[in-house]
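These notes are about the structure you will find just below.
The values are calculated or read from the model by the stated rules, or taken from the named source; none is laboratory data. Owing to the predicted nature of the structure, the values given are computational and were not obtained by experimental measurement. Counting neighbours? That spans all protein chains shown, and the Cβs are built from the backbone with ideal geometry, glycine included. For the accessible areas, the whole protein counts, side chains as well, though only heavy atoms, and no ligand, DNA or RNA atoms are used. Shrake-Rupley method; radii C 1.70, N 1.55, O 1.52, S 1.80 Å.
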Amino acid sequence: MNEKEKNAPPQENGSELEHVFETVPDSARKSVGSILVILTGYTISLSNFVTGATVGFKMPFKEAVAACAVGNLMLIIVATFLGIIACQTGLSTSVLSRKSLGARSSSILSFLLAISAVNWIAVNADTFSNLIVSNFGWWPIPVGITSIIVVALWAQSAIRGVKGLEIVSWLGVPCAIILTIACAIAIGSKAGYGTVFQYAPASDAQISFAAGSTSFVGAWVFGCIVSPDVCRYAKKTSHVAIGAPIAVTIGLFGLEVIGIMTAQATGESGFVPATAALGLGILVFICAIFCVWTTQDNNIYSAGLALQNVMKDTPLEGRVKHSVLAVIIAAAAAIFAAVGATKYLLPVVQTLSVLLPPVPALIIAEHYCVKKSKENKAINWVGIITWALGTAIGYVALQHSFLVPAIVSMVVTFVLYIILSKALDGVLNKDI
């Protein structure tokens with residue numbers, strides 16, 4: 001063996017690197033049923049109830065549901081288009097982003113994806129741990145330490161790759177359906193739907209339609225952006241076109257609306273005390289065990305793929321197993337959860353809602369319209385500048401409550417990237 005062969009990264013395979021830099025082979029592709037259950041399992045999460053309750057407490061019922069519907073419609077579009085691109089190319093989100101941002105500058109996005117994953121894992125761990133402590137007085141372990149324990153459990157399926165995600169999803173999806181139905185019944189019997197329909201938040205606490213819809217987008221724009229990490233395993237694009245809308249409708253919109261109604265029926269802004277007031281504490285806990293697990297193992301999985309992209313073209317490329325990265329991500333999330341991640345929920349999701357939407361716009365515009373991959377360049381300045389402009393415009397829209405800021409950001413980025421690429425690629429990217 002010569003020196004070059006000795007120093008070459010180990011051969012990629014599904015069990016160690018999850019096909020992170022290569023097209024997923026036909027032998028590893030999955031059926032429409034598997035894709036649907038993994039996507040739905042990913043979208044069902046305790047954080048959806050929490051986001052719904054947080055926003056619902058600050059908006060009238062009709063406005064809150066409308067904001068939720070608008071936000072989720074955008075998420076369906078993002079998840080479906082990105083999922084179809086992933087199915088066609090067999091590539092993950094981080095690798096796809098190299099085509100529009102450039103090889104090295106795509107690491108910026110990968111870092112953001114990893115940070116976003118850590119945030120959502122921590123928020124769910126914090127919420128779930130509070131659920132344990134509030135329902136079981138005999139539980140002797142503090143919330144912070146409990147959060148570390150539950151994150152360690154979630155990592156067990158994530159380190160097993162996409163196979164582990166599918167197994168847990170088959171358990172989580174039925175639990176989410178049961179929990180949703182139970183909450184709907186309890187609201188009707190104990191508070192009455194009239195209370196919900198007539199709910200009016202305190203004037204000093206009410207938020208705008210733009211802020212509400214932005215919160216729903218921000219809560220799951222990360223999840224939709226990384227949908228290619230699962231959709232690249234689909235056998236046909238039709239499987240994605242079926243699976244993504246159903247998953248978002250059931251897992252996001254359905255659970256968030258129940259969160260809205262629960263908060264408004266009880267007058268509690270927190271989902272845990274709200275469900276406890278409805279007498280559902282124990283049922284919520286039992287169902288939440290798997291509901292929250294299915295999402296967090298997906299977050300750990302996608303964050304691991306993102307970090308692999310950061311290491312690409314460095315001496316570490318192909319040398320760190322997926323399971324090792326999953327443990328590192330879980331450890332970081334556990335630390336954040338232990339300091340109380342939930343209290344940072346709305347500021348974080350509103351920031352992500354304007355920072356991340358330009359990314360799918362870049363990927364979609366490059367794939368369908370520009371069709372001049374920049375993956376062989378270190379930095380695509382057209383992509384970076386467009387991302388910055390889209391983010392800035394989205395932020396201004398958020399500050400002035402103009403339309404739905406996340407949608408404004410995405411549309412502006414999509415259009416600008418096409419225009420600037422046509423105008424500047426001949427100068428800035430003529431060496432491709």
### Message
If Leu39 meets every condition in (1) closer than 22 Å to Ile207 by Cβ; (2) at pLDDT 90 or above apart from one, which number is that one?
### Response
(1)
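Hey, among Ile35, Ile115, which residue is of a type outside the set (Asp, Glu) and in contact with a strand residue (DSSP E or B) (Cβ under 7 Å, 6 or more places away or on another chain)? Before you say what the answer is, go through the steps one by one.
On the way: Ile115 fails: in contact with a strand residue (DSSP E or B) (Cβ under 7 Å, 6 or more places away or on another chain).
The unique qualifying residue is Ile35.
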### Query
Quick one: which of Ala219, Ala211 is assigned to a helix (DSSP H, G or I), open to solvent by 10 Å² or more (accessible area, probe 1.4 Å) and at pLDDT below 90?
Ala211
### Task
Give, as residue ranges, the helices (runs of 4 or more DSSP H) completely inside the range 54-163 that count at least 2 residues that are over 30 Å from Asn429 (Cβ atoms) and among the hydrophobic types (A, V, I, L, M, F, W, C).
61-89, 106-135, 143-158
### Query
Mind checking whether some residue in the range 281-289 is outside any helix (DSSP H, G or I), open to solvent by 50 Å² or more (accessible area, probe 1.4 Å) and touching a residue at least 60 places away in the same chain (Cβ under 8 Å)?
no
### Task
Evaluate the following for Leu307: is it open to solvent by 10 Å² or more (accessible area, probe 1.4 Å), touching a residue at least 12 places away in the same chain (Cβ under 8 Å) and more than 14 Å from Leu46 (Cβ to Cβ)?
yes
### Task
Kindly list the number of the only condition in (1) modelled with pLDDT under 85; (2) open to solvent by 60 Å² or more (accessible area, probe 1.4 Å); (3) under 22 Å from Ser227 (Cα atoms) that fails for Leu352.
(2)
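Quick one: how many residues across the range 181-208 are touching a Cys at 6+ places or on another chain (Cβ under 9 Å) and at pLDDT below 85?
From the range 181-208, those touching a Cys at 6+ places or on another chain (Cβ under 9 Å) are 182; that's our starting set.
Of the ones still in play, those that are also at pLDDT below 85 are none.
Residues flagged as touching a Cys at 6+ places or on another chain (Cβ under 9 Å) and at pLDDT below 85 within the range 181-208 amount to 0.
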### Selection from the range 380-432 of residues that are under 19 Å from Leu101 (Cα atoms), modelled with pLDDT under 90 and part of a loop (DSSP other than H, G, I, E, B)
Asn429, Lys430, Asp431, Ile432
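Out of all the residues in the range 362-383, is one or more over 24 Å from the mean Cα position of the chain (by Cα), free of Cβ contacts under 8 Å to residues at least 12 places away in the same chain and under 26 Å from Thr89 (Cα atoms)? Show your work before the answer.
Our first condition is that a residue be over 24 Å from the mean Cα position of the chain (by Cα); within the range 362-383, this holds for 369-382.
Those still in the list that are free of Cβ contacts under 8 Å to residues at least 12 places away in the same chain too: 371.
Filter once more, so that each one left must be under 26 Å from Thr89 (Cα atoms): 371.
Yes, some residue in the range 362-383 is over 24 Å from the mean Cα position of the chain (by Cα), free of Cβ contacts under 8 Å to residues at least 12 places away in the same chain and under 26 Å from Thr89 (Cα atoms).
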